[in-house]
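The values are calculated or read from the model by the stated rules, or taken from the named source; none is laboratory data. Bear in mind that the values here come from a model prediction, so they are computed numbers and not experimental data. Glycine also receives a Cβ, built like all others from the backbone with ideal geometry; neighbour counts cover every protein chain displayed. For the accessible areas, the whole protein counts, side chains as well, though only heavy atoms, and no ligand, DNA or RNA atoms are used. Shrake-Rupley method; radii C 1.70, N 1.55, O 1.52, S 1.80 Å.
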Amino acid sequence: MSKVIMKLEDIRTYYYLRKGLFKTLVVKAVDGVSLEFRAGETTAIVGESGCGKSTLGRTSLKLIEPTSGKIIFEGKDITHYKGDLKWFRKKAQIIFQDPFQALNPYHSIYRILSEPLEIFGERKREVIEEKIVNALEEVKMHPPEEFLTKYPHMLSGGQRQRICIARALLLGPIYLVADEPVSMIDASSRAEILTLFRNIQKSRDLAIMYITHDIATTKYFSDWIAIMYAGKIIEYGPTREVLRNPLHPYTKALIEAVPDPDPENRFKIRPVIPGEPPNPINPPPGCRFHVRCPKRFDPCDKKEPPLKKVKKDHYVACFLFT
Ligand code: ADP
Ligand code: MG
């Protein structure tokens, strides 16, 4: 197996909301997640909106402080590292869902792409130009020179996301969080962008956390799947194995879920599981999924099932498999 780049150990990230003068509500967005991200591999984090995917991604990048747990990057515990994080910011990058919001509308593509290089101390114009042209080529913006003087609004959604990817790659990261990178992009360009991620991951030996609510996209674009439910990983394994042989009733439901046929809702997945995901402020006792689970039985509302190894590399948190 290849080198572990990012290791998360029992991460909990809670948000504390002040309610009135004396009351504080605790939102348990991520509630005990352990995962490893290896060089040259993509791990998909899959789950419904609100289950804690973005919080997990942002915690791994030290954009939010975890309440407890450890973040180990290249073997180094950086959880409470308070010094200059510049070296880490260079090596660990994020791609957001909305490429339009992520780009300054008043800056040309050249300026957008030269900025990170300048921040990290590059002064020579020829070097900057060469790096930008190479990055644009890498994200298949042909010919690169033609895009330098353009502004974000002159590009399509897919092209804008390519610019975001180019910007992330310029500093030579080894770990990338892609947070729903294609959900705001035209359906026709989604596969292209995901293929691009796949190729870059291979050619640069990147470790990628690919966040998505759409399990269908994991098939060709990820090596591992972690299914997240209410702040926890409830199933984990190699993508092909999990898709072919899903164990958890929630994973099965996600695989059966189909896109909503209403064009108004084309980015939504029609729920096949009745009921709402639990409120992260007050998760139910026992298994967090039991209230919606068609297979629930005696222990499910009392004890929380641990994530257990069922087969080689395939883990599930469900009492049906203990
Ligand atoms: P996802 O990316 O899976 O949709 P998020 O990580 O964005 O999930 O959110 C997980 C939970 O944490 C949700 O209940 C959300 O409302 C809550 N949450 C997210 N960000 C904040 C915040 N800044 N303050 C309080 N609660 C938050
Ligand atoms: Mg999110």
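Of all residues in the stretch 206-227, one or more are under 22 Å from Ile132 (Cβ atoms) and in contact with a strand residue (DSSP E or B) (Cβ under 9 Å, 6 or more places away or on another chain).
In the stretch 70-133, which helices (runs of 4 or more DSSP H) lie fully inside it and hold 2 or more residues that are farther than 25 Å from Asp205 by Cβ, open to solvent by 30 Å² or more (accessible area, probe 1.4 Å) and charged (D, E, K, R)?
Values: elements: 86-91, 99-102, 109-119.
The helices (runs of 4 or more DSSP H) meeting that bar are 109-119.
Note on the stretch 40-65: residues that are part of a loop (DSSP other than H, G, I, E, B) and either open to solvent by 10 Å² or more (accessible area, probe 1.4 Å) or within 11 Å of ligand 1 (Cβ to nearest atom) (or both) total 11.
Of the listed requirements (1) surrounded by 23 or more Cβ atoms within 10 Å (Cβ to Cβ); (2) within 15 Å of ligand 2 (Cβ to nearest atom), Gln161 misses just one: (2).
Reported count of residues in the stretch 23-50, each being near ligand 2 (Cβ under 9 Å from one of its atoms) and at pLDDT 95 or above, is 0. Selection of the stretch 304-316 for residues being over 16 Å from Glu241 (Cα atoms) and surrounded by 14 or more Cβ atoms within 10 Å (Cβ to Cβ) yields Glu304, Pro305, Leu307.
Regarding Asp31, is this residue under 25 Å from Ala230 (Cβ atoms) and touching a Lys or Arg at 6+ places or on another chain (Cβ under 8 Å)? Yes, satisfied.
From the list Asp223, Asp214, the lone residue that is charged (D, E, K, R), open to solvent by 30 Å² or more (accessible area, probe 1.4 Å) and over 23 Å from Ala92 (Cα atoms) is Asp214.
Would you mind finding the one in Leu206, Leu176, Leu170 that is over 27 Å from Asn279 (Cα atoms), of a type outside the set (Ser, Thr, Tyr) and open to solvent by 10 Å² or more (accessible area, probe 1.4 Å)? Residue meeting the stated conditions: Leu170. As a summary of the residue check, His142 satisfies the conditions (1) touching a residue at least 24 places away in the same chain (Cβ under 8 Å); (2) surrounded by fewer than 22 Cβ atoms within 10 Å (Cβ to Cβ) except for the one numbered (1).
Looking across the stretch 28-65, the residues that are polar (S, T, N, Q) and under 23 Å from Asp214 (Cβ atoms) come down to Thr42, Thr43, Ser49, Ser54, Thr55, Thr59, Ser60.
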